[in-house]
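Take a look at this one; I'll ask things after.
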Amino acid sequence: MLNKVCVLTVKVLDLNEAIDFYTNRLDFEVSKYYGEKIVSLKHNEIPIVLEEDHIESGGAGKTVLLGILSHDIEKDFAKLKEKGVKLVFEEPKPCPPGRYFIIEDPSGNQIEIVEFSN
């Protein structure tokens with residue numbers, strides 16, 4: 001079942017500037033660095049991830065990405081493809097915590113389907 005939100009990704013233009021904003025102004029703390037372009041923030045509920053991405057402002061579904069938990073990414077990918085859901089990738093891809101793929105809702109909002117490896 002794909003009905004559990006597991007992560008919220010915020011796309012940012014400058015990761016260092018975003019870390020400064022979220023930690024020094026909003027009082028979050030950095031939980032973990034995933035390389036040079038991705039960090040997670042400490043949060044008791046849904047993990048919040050900051051990801052540096054050179055996006056254009058104002059684009060629908062391109063700055064905040066809802067992540068939904070998958071327990072079987074291959075099965076969920078096939079099921080959504082069969083149902084005619086718009087898939088952004090041809091197959092699930094690796095990511096720091098496991099594997100993922102992205103779908104789009106009818107308005108073009110992107111939703112990340114994530115399977116954690118541990």
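Would the stretch 57-65 turn up any residue that is touching an Asp or Glu at 6+ places or on another chain (Cβ under 7 Å) and closer than 11 Å to VAL7 by Cβ?
yes
Given the criterion over 18 Å from SER117 (Cβ atoms), at pLDDT below 95, over 13 Å from the mean Cα position of the chain (by Cα) and among the aliphatic types (A, V, I, L, M), identify the matching residue among LEU65, LEU15, LEU8, LEU50.
LEU15
Can you tell me which residue in the stretch 27-46 is farthest from PHE101 (Cα to Cα), limited to those that are in contact with a Pro (Cβ under 9 Å, 6 or more places away or on another chain) and surrounded by 11 or more Cβ atoms within 10 Å (Cβ to Cβ)?
Within the stretch 27-46, the subset in contact with a Pro (Cβ under 9 Å, 6 or more places away or on another chain) is 31-32, 34-35, 38, 40-41.
With the extra rule that they be surrounded by 11 or more Cβ atoms within 10 Å (Cβ to Cβ), the set shrinks to 31-32, 34, 38, 40-41.
Values: SER31: 24, LYS32: 22, TYR34: 18, ILE38: 17, SER40: 19, LEU41: 22 Å.
That would be SER31.
I've got another one for you. Do you know which of the residues in the stretch 5-26 that are surrounded by 18 or more Cβ atoms within 10 Å (Cβ to Cβ) and of a type in the set (Ser, Thr, Tyr) is nearest to TYR100 (Cα to Cα)?
THR9
Suppose we filter the stretch 71-97 for residues that are small (Gly, Ala, Ser) and at pLDDT below 95; how many remain? Give the steps one after another, and end with the answer.
We begin by selecting, within the stretch 71-97, every residue small (Gly, Ala, Ser); these are 78, 84.
Filter again for at pLDDT below 95, leaving 84.
Number satisfying all stated conditions: 1.
Working only within the stretch 1-57, note down all residues that are of a type in the set (Ser, Thr, Tyr), touching a residue at least 12 places away in the same chain (Cβ under 8 Å) and within 17 Å of GLN110 (Cβ to Cβ).
Selection gives THR9 alone.
The values are calculated or read from the model by the stated rules, or taken from the named source; none is laboratory data. Fair warning: this is a prediction, and the values are worked out from it, not measured in the lab. Because the Cβ atoms are built from the backbone with ideal geometry, glycine has one as well, and the counts that use them run over all protein chains shown.
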